[in-house]
1. Please work out which one of (1) in a loop (DSSP other than H, G, I, E, B); (2) touching a Phe, Trp or Tyr at 6+ places or on another chain (Cβ under 7 Å) is the condition Lys135 fails and give its number.
2. So, of the residues in region 1-35 that are among the acidic types (Asp, Glu) and under 25 Å from the mean Cα position of the chain (by Cα), which turns out to be modelled with the highest pLDDT?
3. For region 194-205, indicate whether the set of residues that are on the phi > 0 side of the Ramachandran plot and in contact with a Gly (Cβ under 9 Å, 6 or more places away or on another chain) is non-empty.
4. Could you tell me which of the residues Asp119, Asp97 is touching a residue at least 40 places away in the same chain (Cβ under 8 Å), assigned to a helix (DSSP H, G or I) and acidic (Asp, Glu)?
5. Quick check on Ala102: is it free of Cβ contacts under 8 Å to residues at least 60 places away in the same chain, hydrophobic (A, V, I, L, M, F, W, C) and not in a helix (DSSP H, G or I)?
6. Considering every residue within region 60-81, establish whether at least one is in a strand (DSSP E or B), surrounded by 15 or more Cβ atoms within 10 Å (Cβ to Cβ) and at pLDDT below 85.
7. Please work out which residue is surrounded by the fewest Cβ atoms within 10 Å (Cβ to Cβ), limiting yourself to region 168-198 and to residues that are among the basic types (Lys, Arg) and at pLDDT below 95.
8. Go through region 221-248 residue by residue and tally those that are over 23 Å from the mean Cα position of the chain (by Cα) and among the aliphatic types (A, V, I, L, M).
Amino acid sequence: MTDIEQYPSNEVIKVGMKVLVELKKDKGTGNLTEGIVQKKLSIIAHDPNGIVVKIEHGQQGRVHKIIDPDFIGKDSKKTLITLRHGEYLSNRIKIVDLLSNADDFIWLLVGYFKHNHFDILREVLDNNKNIKDIKIITGLPFTKKYSVEDIEFKKIILYADAFKKQFPNIVLDLKFLTDKKIGEKTHARFYFTKNQAWSFIDLDIMLRAQREILALQSEEDLEKNIENDFNYFWNQPTTLSLFGDEKGILLQKISEINNKAQV
């Protein structure tokens, strides 16, 4: 390795990546500061002193080492994404970047999709203007007593309606698994887009910054994943939409569930 290649190049450094930087005040001391790249400031390909970046709290420094080598950025060819325990910001960026690479559509099969998860989708659509269709299958927000949490469900309705108004050109459908026995069959979580299927997570796992590995499924398994792990649940008569004619049936089903839970 030549002197100019001693430190990571501009190309391999990505926004959202965790790195060790030498701050100006620490120059020559050997002290390095851990941070997440907010912005790259150097425009050259290589720098013998390290590429200059901006990290948290407005700090600037030269990148001496990448400590998140499996970070996935836009246009990445990686087939595995590692979410690390306790690393909320970088984990969130990885998820947003993954979904931002979607081609035409985003389909999610997750255990729970809550009102605050719409903010992740909003950020994705800000990054990607090519998405035309979003379908989500999820479970109802149950309490420990197996009743539907009223406040959370009302927030989901509020945020979903606001989301549709903000993105009128996006076809959004959010369906809930209302049959407990059918819901128990959804052992896996998946994210689908054109020609790709990824194992996925409940977004609360990401928000809680727990460790998880997401994997790109093989092309051979793509059709099977879509049919068995998305369309099967999507087309169940008890999987009910938050929108259109099924909304009234969904609200009635929730009322029945809550009445039964109170008995």
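1. Exception for Lys135: condition (1).
2. Going through region 1-35, the residues among the acidic types (Asp, Glu) turn out to be 3, 5, 11, 22, 26, 34.
Adding the requirement that they be under 25 Å from the mean Cα position of the chain (by Cα) leaves 11, 34.
Numbers: Glu11: 83, Glu34: 90.
It comes out as Glu34.
3. First, the residues of region 194-205 that are on the phi > 0 side of the Ramachandran plot: 195.
Filter once more, keeping what is in contact with a Gly (Cβ under 9 Å, 6 or more places away or on another chain): none.
Checking region 194-205: not a single residue is on the phi > 0 side of the Ramachandran plot and in contact with a Gly (Cβ under 9 Å, 6 or more places away or on another chain).
4. Numbers: Asp119 fails: touching a residue at least 40 places away in the same chain (Cβ under 8 Å).
Exactly one of Asp119, Asp97 is touching a residue at least 40 places away in the same chain (Cβ under 8 Å), assigned to a helix (DSSP H, G or I) and acidic (Asp, Glu), namely Asp97.
5. Working: free of Cβ contacts under 8 Å to residues at least 60 places away in the same chain: no; hydrophobic (A, V, I, L, M, F, W, C): yes; not in a helix (DSSP H, G or I): yes.
Taking the combined requirement at face value, the residue does not satisfy it.
6. Scanning region 60-81, I find at least one residue that is in a strand (DSSP E or B), surrounded by 15 or more Cβ atoms within 10 Å (Cβ to Cβ) and at pLDDT below 85, so the answer is yes.
7. From region 168-198, those among the basic types (Lys, Arg) are 175, 180-181, 185, 189, 194; that's our starting set.
Now drop any that are not at pLDDT below 95, which leaves 180-181, 185, 189, 194.
Numbers: Lys180: 13, Lys181: 8, Lys185: 13, Arg189: 22, Lys194: 10.
For region 168-198, the residue satisfying everything is Lys181.
8. Qualifying residue count for the region: 1.
The values are calculated or read from the model by the stated rules, or taken from the named source; none is laboratory data. Note that the structure is a prediction, hence the values are computed from the model and not measured. We place every Cβ from the backbone using ideal geometry, glycine too, and count neighbours over all the protein chains shown.
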